[in-house]
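Just below is one structure, and these are the notes that go with it.
Read-outs throughout are calculated quantities, based only on the coordinates presented, and are distinct from any laboratory measurement. Remember, predicted model here, so these are calculated numbers, not experimental data. Cβ placement follows ideal geometry from the backbone for every residue including glycine, while neighbour counts extend to all protein chains displayed.
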């Protein structure tokens, strides 16, 4: 048309776009669409809907969302399905702004009949982006659809409050979940430990601040005050490599709240000692567990505690205690893991200690495959590839 000096015709260009889309020439169609936009042309909603679908199918979700926003500014009324398709694709990529925008369109404007899967996508995105209000709205829709509240519905709400660093609402949500028997697993608050450990010094979302709020609201949210929560606070110090503070806070915090420690509490502290290669503190903690007269918590070392003591001993140049704890572990009925055995073998090989052969034979007795070692010539560990 340009070569024959024909006047510009928007309708012909739109037909060309549709034809290209039908031929799966999506990129070419989009380029023509951008040219039309540059000329100030307003395309009909049907054409925009098809371009939007092509962008979504090509995984160009950012461009698709930008197209929707541009259409909104130009007061172009899109098909309701356009918002729903974008919601689902953006939800799989955890795009907070896109999901929040399209969710409001689907729920508040068009009042669509959504599926459980749509709500779960929104919940996961809200959790990842720290958007509690979006998570709460998705839960409201699930409730309207007749779904009973379950842990995998409420976990994202808890995560959203943690990521948004709202301490009191985190405690409130945790309390409500536990009223229904949820969030009682020891790994349920791993995210809390991570977020607390990453908080800066001047932040209001710290382990100390969290504990103070727990202490203040212990009568309001009693179910949010227990060993699991306190362990997660202690673990945050370990993750930020502040083992000394973790050990100090353990006795103080558990005592103030009248909460009993458990074996996980000591395992967390021993893990901190391992990360810091602190054999002195580790021995104090372990001896306290072994000594029945001093151990008011009446908690004996479990398999994890013995393994930590072995691994901590292996961080030193003199590692004889690793064998002492290994024998004590077996004497108490625990079978060492492959990781512990392989760590001992590699330490022995590295130092030319002939005991590595006996440890390997013991591994074979327990059925562990020997797929590792230490090359004294190169000074590197080697790994034998195994078939899946």
task: Any chance you could give the angle, 0 to 90 degrees and rounded to 10, that helix 338-350 forms with the longest Cα principal axis of the chain?
output: 70 degrees
task: State the extension gain, in nm to one decimal, for the chain segment bounded by residue 104 and residue 280, taking 0.36 nm per residue of separation less the distance between their alpha-carbons.
output: 57.6 nm
- prompt: Is the shape of the stretch 56-186 best called rounded, prolate or oblate, per the rule: a/c under 1.5 gives rounded, else a/b larger than b/c gives prolate, else oblate, with a ≥ b ≥ c the square roots of the Cα gyration tensor eigenvalues?
  reply: prolate
- line: To the nearest 0.05, the calculated FRET efficiency linking residue 59 and residue 321 through their beta-carbon distance, R0 being 56 Å, is 0.55
message: What value in Å³ per residue do you get for the convex hull of the alpha-carbon atoms in the chain?
response: 234 Å³
task: For the chain, find the longest principal axis of its Cα atoms and tell me its angle to the long axis of helix 116-129, 0 to 90°, nearest 10.
output: 70 degrees
- prompt: How far is helix 227-239 tilted, in degrees, relative to the longest principal axis of the Cα atoms in the chain, given as a value from 0 to 90 rounded to the nearest 10?
  reply: 90 degrees
query: Just from its helices, what would the mean residue ellipticity at 222 nm be for the chain, if runs of 4 or more DSSP H residues each count -39500 (n - 2.57) and the sum is divided by every residue, rounded to the nearest 500 deg cm²/dmol?
result: -20000 deg cm²/dmol
query: For residue 291 and residue 18 in one chain, what is 0.36 nm times their gap in residues minus the Cα-Cα distance, to one decimal in nm?
result: 90.3 nm
